[in-house]
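Undergrad: Can you keep this structure in mind? I'll have questions shortly.
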Amino acid sequence: MSGAVSWPAGVQEAAEVVSARPVGAYTHLVLRAPEAALRAQPGQFVACGVGDSGMLLRRSLSLHAADPEAGTLEVVVAAAGPGTRLLAAKRPGDVVPTTAPLGRPFPLPATSSPTPAVVIGGGYGAAPLPWLARVLTAAGSRVVGVVGAASADRLLGTSAVDDATALDGIADAVVVTTDDGSLGAQGRVTDALPEVLLELAELGEPAVYACGPMPMLRSVQTTTREVLGDQARTWLAVEESMACGVGVCMTCVLPVAQDDDDGVRRTRMLRACTAGPVFDGDALRWDAIGAAAHLRGGALVPEDAVGAPRPGGH
Ligand SMILES: Cc1cc2nc3c(=O)[nH]c(=O)nc-3n(C[C@H](O)[C@H](O)[C@H](O)COP(=O)(O)OP(=O)(O)OC[C@H]3O[C@@H](n4cnc5c(N)ncnc54)[C@H](O)[C@@H]3O)c2cc1C
Ligand code: FES
């Protein structure tokens, strides 16, 4: 797997909306952004201006796809608050200021040793999975997709909702869950994970690629370790609140433990927008993530990581 590689910074483009159409409860937008489309990789995101002078901050959206030949980026927008409501209402011909591609993409297995993989997402978190699955299958991996949502209209990634944004026909198999049982198996998306992991583990050490809200990612990490012990890699794309998206404001920091060159494991607060959004699931300090109940999500600095680095490490 590729490790400490640096990625080119995003470019700013005034992206014309090429098409806008509903997909279940979401809006699928195709944006003309030729420079970004040349560089983008699955797992990266785009920061979009919303076109209201009172809303200075750009809204971060996962890249659903990039087409270098057409010069387009694709995103799927859930109208959650004022900014995403404006983005979901864009129509062809409108212009969206974009900075992309941002963040680090999903690490891929070496093509010489394709790894079985599960790509798993909740709600609009499934947006980057078809593109990722296409890249993985082209590299020779067996790929199983698992997508879930609270109800059928909030699902993404299955042809039962929409063909163009589906994993069907890209992944070797697709499992669908809904909390209310309105489509697929009733239950949480992670309920389907153990069986898929055990099936894939017969082919080799699986890679688990996940995207969605933090509680889902925590459950993916815990389930993978319970079912397969250390016999899997987990790559988790987080959706921390990002005010700037480009490494300036520090609102998106998460505690991440890494082995330094001296062999000591130290925890640092890293910016999810530049060091992530994809993290190694074993490196995230789950004991401190979500511990700040008074914040919207967020994480506390772990006790052992407070203050300046100490001899012997945190
Ligand atoms: C990497 C990433 C990928 C995402 N992918 C998608 C996607 O594919 N589709 C999708 O619909 N949504 C996605 N989101 C979520 C989306 O960015 C938010 O729903 C959106 O920013 C909310 O903006 P709003 O104006 O609608 O709502 P509001 O909640 O009103 O947000 C207003 C602004 O404040 C910022 N903000 C909110 N809380 C905080 C906080 N505690 N600290 C600092 N700033 C804060 C927000 O980032 C936003 O810029 C993604 C988020 C991230 C970080
Ligand atoms: S969102 Fe501003 S530093 Fe990450």
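Every read-out reported here was derived from the displayed coordinates using simple, explicitly stated rules and does not represent laboratory data. The model shown is predicted, which means the values in this text are computed figures rather than measured ones. Counting neighbours? That spans all protein chains shown, and the Cβs are built from the backbone with ideal geometry, glycine included.
Undergrad: Once both labels are modelled 7 Å past Cα along the beta-carbon direction, what's the Ser113-Asp94 spacing in nm?
TA: Modelled inter-label distance: 4.8 nm.
Undergrad: Work out from phi, with θ = phi - 60° and the Karplus expression 6.51 cos²θ - 1.76 cosθ + 1.60, the ³J(HN,Hα) of each residue of the range 13-27, listed in order in whole Hz, and give x for Gly and Pro.
TA: Going residue by residue, I get 9, 8, 8, 6, 6, 7, 8, 9, 8, x, 10, x, 7, 10, 10 Hz, with x marking Gly and Pro.
Undergrad: Add -39500 (n - 2.57) for each DSSP H run of 4 or more in the chain, then divide by its residues: what number comes out at 222 nm, to the nearest 500 deg cm²/dmol?
TA: Helix contribution divided over all residues of the chain: -4500 deg cm²/dmol.
Undergrad: Taking every Cα atom in the range 11-102, find the radius of gyration and the maximum pairwise distance Dmax, and write them in Å.
TA: Reported Rg and Dmax, both Å: 11.7, 35.
Undergrad: Taking the Cα centre of the chain as origin, sum charge times position over the Cβ atoms of Lys and Arg (+1) and Asp and Glu (-1), and report the length of that vector in debye to the nearest 20.
TA: Dipole size: approximately 820 debye.
Undergrad: Report, by chain and number, residues whose modeled amide H sits under 5 Å from the one on Val23, excluding near sequence neighbours (fewer than 5 apart, same chain).
TA: His28
Undergrad: From the phi angles alone, apply the Karplus equation (6.51, -1.76, 1.60; θ = phi - 60°) to the range 52-68 and give each ³J(HN,Hα) in whole Hz, x where the residue is Gly or Pro.
TA: 10, 5, x, 10, 6, 7, 7, 9, 8, 9, 5, 7, 7, 6, 9, 10, x
Undergrad: Size of the dipole of the range 117-237 about the Cα centre, Lys and Arg at +1 and Asp and Glu at -1 on the beta carbon, nothing else charged, in debye to 20?
TA: So the dipole magnitude of the range 117-237 works out to roughly 360 debye.
Undergrad: Using alpha carbons only, how many angstrom separate the centre of the range 221-258 from the centre of the range 275-290?
TA: First find each Cα centre; the distance between them is then 3 Å.
Undergrad: Could you compute the FRET efficiency for Thr222 and Ala138, with r as their C-beta to C-beta distance and R0 at 25 Å, rounded to 0.05?
TA: Efficiency at R0 = 25 Å is approximately 0.25.
Undergrad: Next question. Can you pull out the cysteines in the chain that have no other Cys Cβ under 4.7 Å?
TA: Among the cysteines of the chain, those whose Cβ sits 4.7 Å or more from every other are Cys48, Cys211, Cys252, Cys273.
Undergrad: Taking Cα centroids, how far is the range 20-95 from the range 111-172 in Å?
TA: Their Cα centres are 20 Å away from one another.
Undergrad: Take the Cα of Ser19, step 7 Å along the line toward its Cβ, and report every residue of the range 65-102 whose backbone nitrogen sits under 19 Å from that point.
TA: Backbone N within reach: 65-78, 88-96.
Undergrad: Still on this structure, please answer the following. List the residues whose amide H sits under 5 Å from the amide H of Ala15, counting only those 5 or more places along or on another chain, with H placed 1.01 Å from N in the peptide plane.
TA: Here Val96, Thr98 satisfy the definition.
Undergrad: If I build a Gaussian network model for the chain, linking alpha-carbon pairs within less than 10 angstrom, which residue out of Val196, Val119, Val248 has the largest mean-square fluctuation?
TA: Among Val196, Val119, Val248, the largest GNM mean-square fluctuation belongs to Val248.
Undergrad: Antiparallel versus total DSSP beta bridges in the chain: what percent is that, nearest 5? Display every interim value, and only then the final one.
TA: On the way: 41 of 67 bridges.
If we restrict to bridges inside the chain, about 60 percent are antiparallel.
Undergrad: Please give the charge dipole size of the range 11-102, origin at the Cα centre, charges +1 on K and R Cβ atoms and -1 on D and E Cβ atoms. Round to the nearest 20 debye. The partial results should precede the final answer.
TA: Values: 8 positive and 8 negative charges, 60 e Å.
My answer is approximately 280 debye.
Undergrad: Something else now. Return the Cα extents of the chain along principal axes one, two and three, sorted largest first, each rounded to a whole Å.
TA: Dimensions of the chain along the principal axes of its Cα atoms: 57, 44, 40 Å.
Undergrad: Under 15 Å from the 7 Å Cα→Cβ point of Val11, by amide nitrogen: which residues of the range 73-93?
TA: Hits in the range 73-93 for Val11 at 15 Å: 73.
Undergrad: Mind checking the full-extension length gain between Asp168 and Leu38? Use 0.36 nm per residue of separation minus the Cα-Cα distance, one decimal, nm. It would help to have the intermediate numbers written out before the result.
TA: Numbers: separation 130, 0.36 × 130 = 46.80 nm, distance 2.55 nm.
44.2 nm is the gain from fully extending Asp168 to Leu38.
Undergrad: What residue among Asp168, Asp94, Asp282 shows peak mean-square fluctuation when the chain is described by a Gaussian network model with Cα springs under 10 Å?
TA: Of Asp168, Asp94, Asp282, the Gaussian network model singles out Asp94 as fluctuating most.
Undergrad: Ok, one more. With the crude spin-label approximation of a point 7 Å out along Cα→Cβ, what separation in nm comes out for Asp287 versus Asp230?
TA: Going by the 7 Å Cα→Cβ label model, 1.9 nm.
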